[in-house]
Amino acid sequence: MATIDLDNMLAKIKASQWALADIDWEAPGAEMISEAQWPKLKAFMSDLMWIEHVGARGFAAMAKKAPTDTLREIYTYFHAEEQRHANAEMALMRRWGMLEGEELPEPNINLRLTIEWLDRYSDDMPLEVLGSVIPMLEIALDGALLKFLLDEVNDPLCHQVFEKINADEARHLGVDFHVMEMLGRGRLHQLAVKTIGTVVSPKLIMGVLAYAPLLNRMRDNIVEMGLKEERLYEAMDKYQRIGGRTKEGRRNPWFQIISQHGRMVVDRSHIYHKPVDALVKLSNYIPRRALGPVPSWVKELTWRPTA
Amino acid sequence: MTIPTMKSGARKATPRQAPATNKPHDVLIVGAGFAGLGAALRLQQEGVGDLVILERADDVGGTWRDNSYPGAACDIPSNLYSFSFAPNPDWSRSFAGSREILDYVHHLADHYNLRQLVRFGRDVSHLRYDDKTGLWTAVTQTGETFQARSVVMAQGPLSNASFPDIPGLDEFKGHKIHSARWDHDYDFNRKRVAVIGTGASGVQIVPELVKKVDKLTVFQRTPGWVMPRPDFATPQWNKLLFRRVPKAQESVRRALYLAHESMALGIIWNSPLTGLLERVSEAHLNHQVKDAWMRRQLKPDFRIGCKRVLMSSDYYPALQRDNCRLITWPIARLCENGIRTAEGIEHQFDCIVFATGFDVSNNGTPFKVTGSKGRDLDTDWKRGAQAYKSINVAGYPNLFITFGPNSGPGHNSALVYMESQIEYLVKAVKMMTSEGIKSLDVRKDVQRRHNHDIQKRLAKTNWNSGCKSWYLTEDGFNATMFPGFASQYARQMEGFDPGDYRVVRVAGRPQ
Ligand SMILES: Cc1cc2nc3c(=O)[nH]c(=O)nc-3n(C[C@H](O)[C@H](O)[C@H](O)COP(=O)(O)OP(=O)(O)OC[C@H]3O[C@@H](n4cnc5c(N)ncnc54)[C@H](O)[C@@H]3O)c2cc1C
Ligand SMILES: [Fe+2]
Ligand SMILES: [Fe+2]
């Protein structure tokens with residue numbers, strides 16, 4: 001994945017569009033989900049589709065910051081594609097009898113907090129922050145969650161769907177890392193000044209307070225389902241490897257911060273986990289009412305292939 | 001994929017009479033819109049009598065004959081969107097609808113006896129200059145030919161409706177309508193309808209269509225800046241006043257003109273006024289749209305003026321009606337039953353309305369134009385169209401273009417610009433007929449100097465501030481807009497200096 005030509009990438013993206021209607025959601029295979037799997041899978045899918053949706057909102061914010069028209073258009077597509085993933089995953093849930101009527105799966109409280117943060121502050125974040133965090137989320141998904149899912153679930157339709165999703169994700173990662181390197185190309189002291197300015201901003205601190213417990217809760221959920229947590233760590237490792245393979249990538253201070261954070265997350269004995277796990281527990285006590293109604297962008301989610 | 005283009009009301013005309021009468025006309029005009037009729041009218045008034053107008057459709061009116069979609073209207077006040085030499089005291093509204101503007105054009109055509117000059121159903125496909133005789137020949141689709149000493153290309157800047165370059169355009173089995181070729185027989189009652197495009201036409205169609213259909217879905221790629229439009233009916237006393245005291249209407253026109261001129265400060269250049277206009281538009285958005293996400297979807301992210309400013313007070317409310325939905329996902333393709341967008345959903349419709357604009361030839365010509373020594377205008381313009389004062393092109397003697405390169409108004413009535421062009425060409429043609437001039441060809445160096453200056457001034461404008469629009473060619477060359485006030489344009493067009501031209505007189509005529 002050396003630097004890529006973004007114009008070619010945009011053309012490739014446009015030529016690779018697919019729709020829920022391309023898939024036969026009634027095809028046989030749904031019965032291959034075992035009773036024992038069912039409740040865990042339901043929780044897993046629900047997290048997964050919300051993370052896609054959160055990623056979608058992240059790309060929407062990045063589109064506003066994109067330095068060129070081409071990158072703006074790419075991010076506009078990625079925004080829609082993550083939404084497509086969420087929609088397709090809901091359609092799978094529906095197929096497996098995990099959704100009733102028009103209901104959306106319930107997001108866990110940490111996801112809910114993250115959505116809240118994205119809605120309020122993501123548009124104010126510089127491209128550097130989102131451009132470095134999003135690859136981490138994407139790689140965690142690609143590397144850990146999806147592989148796990150495909151190991152566990154035999155329904156052939158599920159494999160068919162994730163083949164399409166993975167093809168999209170490969171393009172996302174290509175652009176993600178290209179941009180991370182691009183962001184490391186500026187003057188070093190400027191990068192540093194801008195970074196410090198952002199790190200101390202209350203908006204970002206709020207974001208960290210939402211993001212850190214989210215990662216830990218996901219780790220807990222995954223472990224509970226039987227995924228080896230090493231899978232998640234391998235994925236984070238991959239972030240450091242690919243993100244740090246060039247000088248420009250390593251020079252991006254946000255890459256350094258997030259890698260450092262990744263190392264703490266991976267190290268179970270690190271003091272980091274004390275407060276963060278406490279936050280996870282604490283967040284269980286947040287009453288849903290305190291959060292108010294979900295933002296209206298969430299309401300665009302749908303499992304129906306046609307409207 | 002080629003983008004299909006629809007020509008206005010073009011119909012196959014069988015050649016009726018014998019081609020090319022023996023005597024060439026003084027002036028041949030292509031197009032019977034405002035520009036073509038206005039030119040004919042003024043030429044006649046100045047005593048140039050031998051004219052012919054070729055029009056491909058079967059009526060006069062151009063833009064206002066073709067754009068009859070619900071809600072079609074002018075977004076320049078009617079008192080300014082009319083010829084100063086033919087005022088209309090009876091405008092029923094501050095911003096007249098398309099039908100009323102067409103009536104005004106009909107009035108011009110009838111009152112000044114212009115229809116008899118028009119040959120309808122003549123779709124010009126080639127203009128050819130002959131160096132030996134100094135005459136132009138116009139060839140129509142059917143092979144009919146017409147000859148004249150001078151030609152006015154008044155085929156309109158926005159007359160070829162275009163469909164967007166979307167995969168699967170032909171797969172859709174439902175009804176397709178282009179805003180500029182409205183289908184008045186289609187019954188929208190109880191239909192699920194899509195509108196693609198949210199430019200000048202889109203924002204006018206949506207508020208009307210939403211009242212008629214069962215479900216309306218609006219597909220937006222780029223949101224534009226929207227300004228409130230103070231549209232009201234003209235009170236009766238006002239009409240009476242204008243009829244009895246024409247001076248009163250003149251001064252209202254003058255005031256409107258100046259108001260629009262002052263807008264130029266904010267729209268053409270990045271000035272404190274630019275920020276102010278953006279804030280007015282933003283306040284309009286925030287006032288009319290409640291939902292934060294929808295506001296975000298509708299908020300433009302380019303500088304105001306870089307694209308045409310939209311005028312509407314009922315567009316935002318229409319989008320929020322229960323039966324309306326705004327979609328900002330990119331369109332992936334059209335399919336049998338509707339539109340598939342990139343979020344993976346197929347949106348199904350009975351009818352798709354394309355409010356997607358026009359083919360703008362800013363680096364080419366709409367039909368073949370062959371000039372002196374066989375040169376081809378399309379080739380000469382490949383890298384961006386250039387002309388002298390927007391109206392003449394070196395190497396194409398006796399050819400006058402309305403809305404030629406760098407004549408576009410971004411902030412004021414097109415007719416104000418058009419009048420300057422018409423007066424300029426009238427002066428030139430009058431000189432040609434009275435002095436027996438065979439060819440009048442603008443000097444290359446004069447044209448070069450003019451364009452150098454124009455591009456230098458354009459570099460400082462909002463249009464060239466980095467957003468894509470139909471004003472610019474693919475490589476960002478601005479061959480469309482005039483970088484200045486309408487009054488500066490008027491001044492540019494005021495002086496016709498024969499010294500700028502190479503003049504050849506008909507042999508045997510004294511100097
Ligand atoms: C929807 C819409 C709204 C607009 N609103 C405004 C506004 O609010 N304010 C403003 O200032 N301007 C507006 N304009 C711009 C408008 O085009 C001009 O104001 C003006 O009408 C142009 O007049 P015209 O005579 O140059 O061209 P047109 O009105 O387009 O007339 C050209 C004529 O030439 C004919 N023709 C074209 N090609 C050929 C051919 N090859 N052979 C023979 N005949 C041909 C066409 O059929 C047509 O009749 C608007 C345009 C559109 C499309
Ligand atoms: Fe995804
Ligand atoms: Fe992704």
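The values are calculated or read from the model by the stated rules, or taken from the named source; none is laboratory data. The shown structure was predicted, so the numbers you read here are calculated from the model rather than taken from an experiment. We place every Cβ from the backbone using ideal geometry, glycine too, and count neighbours over all the protein chains shown.
General remarks:
- Index of the failed condition, residue B:195 passing every other in (1) among the aliphatic types (A, V, I, L, M); (2) surrounded by fewer than 18 Cβ atoms within 10 Å (Cβ to Cβ); (3) under 26 Å from residue B:318 (Cα atoms): (2)
- Residue B:370, sole failed condition from (1) at pLDDT below 95; (2) β-branched (Val, Ile, Thr); (3) surrounded by fewer than 22 Cβ atoms within 10 Å (Cβ to Cβ): (1)
- Residue within the stretch B:393-414 that is β-branched (Val, Ile, Thr) and within 14 Å of chain A (Cβ to nearest Cβ) present: no
- Every residue from the stretch B:280-299 that is within 11 Å of chain A (Cβ to nearest Cβ) and not in a helix (DSSP H, G or I): B:290, B:291, B:299
- Output for the stretch B:89-118, where each listed residue is closer than 13 Å to residue B:54 by Cβ and out of contact with any Asp or Glu (no Cβ under 7 Å at 6 or more places or on another chain): B:117
- Taking the criterion of being part of a loop (DSSP other than H, G, I, E, B) and aliphatic (A, V, I, L, M), the residues of the stretch B:72-102 that qualify are B:72, B:76, B:80, B:86, B:96.
- Restricted to helices (runs of 4 or more DSSP H) entirely inside the stretch A:215-272, those with at least 3 residues that are under 19 Å from the mean Cα position of the chain (by Cα) are A:229-243, A:253-266.
- Residue selected from the stretch A:24-51 under the condition aliphatic (A, V, I, L, M) and more than 27 Å from residue A:175 (Cα to Cα), by the criterion farthest from the other protein chains (Cβ to nearest Cβ): A:36
- Pairs linking a residue in the stretch B:168-187 that is under 30 Å from residue B:99 (Cα atoms) and among the hydrophobic types (A, V, I, L, M, F, W, C) to a residue that is in a loop (DSSP other than H, G, I, E, B) and more than 16 Å from ligand 2 (Cβ to nearest atom), with Cβ atoms under 6 Å and 6 or more positions apart or on different chains, are B:177/B:183; B:180/B:67; B:182/B:68; B:182/B:69.
- Filtering the stretch B:392-413 to residues that are among the small types (Gly, Ala, Ser) and buried (at least 20 other Cβ atoms within 10 Å of the Cβ) leaves B:394, B:404, B:407, B:408, B:410, B:413.
- From the list B:412, B:398, B:406, the lone residue that is on the phi > 0 side of the Ramachandran plot, in the same structural domain as residue B:497 (by TED's automatic domain parsing) and within 20 Å of the chain's Cα centre (by Cα) is B:406.
- One residue stands out among those in the stretch A:67-88 that are under 15 Å from residue A:9 (Cα atoms) and in contact with a Phe, Trp or Tyr (Cβ under 7 Å, 6 or more places away or on another chain): the one that is farthest from the other protein chains (Cβ to nearest Cβ), which is A:75.
- Within the set A:94, A:57, A:84, the sole residue that is out of contact with any helix residue (DSSP H, G or I) (no Cβ under 8 Å at 6 or more places or on another chain), in contact (Cβ under 8 Å) with a residue 12 or more places away in the chain and not hydroxyl-bearing (Ser, Thr, Tyr) turns out to be A:94.
- When B:137, B:198 are screened for being under 30 Å from residue B:399 (Cβ atoms) and either of a type in the set (Val, Ile, Thr) or more than 16 Å from ligand 1 (Cβ to nearest atom) (or both), only B:137 passes.
- Residue selected from the stretch A:129-170 under the condition away from ligand 2 (no atom under 15 Å from the Cβ) and touching a Phe, Trp or Tyr at 6+ places or on another chain (Cβ under 7 Å), by the criterion farthest from the other protein chains (Cβ to nearest Cβ): A:132
- The set of residues in the stretch B:469-491 being in a helix (DSSP H, G or I), in contact (Cβ under 8 Å) with a residue 40 or more places away in the chain and surrounded by fewer than 19 Cβ atoms within 10 Å (Cβ to Cβ) consists of B:487, B:490.
- For residue B:373, the criteria (1) away from chain A (no Cβ under 14 Å); (2) assigned to a loop (DSSP other than H, G, I, E, B); (3) not β-branched (Val, Ile, Thr) hold in every case but one, which is (2).
- Residue list for the stretch A:109-144, restricted to those being more than 19 Å from residue A:234 (Cβ to Cβ) and among the charged types (D, E, K, R): A:112, A:116, A:119, A:120, A:123, A:124, A:128
- Residues in the stretch A:226-240 that are surrounded by 14 or more Cβ atoms within 10 Å (Cβ to Cβ) and of a type outside the set (D, E, K, R): A:227, A:232, A:233, A:235, A:236, A:239, A:240.
- Of all the residues in the stretch A:285-307, those that are away from every other protein chain (no Cβ under 11 Å), part of a loop (DSSP other than H, G, I, E, B) and surrounded by 11 or more Cβ atoms within 10 Å (Cβ to Cβ) number 1.
- Boolean, residue A:113 is more than 16 Å from ligand 2 (Cβ to nearest atom), closer than 28 Å to residue A:256 by Cα and within 17 Å of the chain's Cα centre (by Cα): yes
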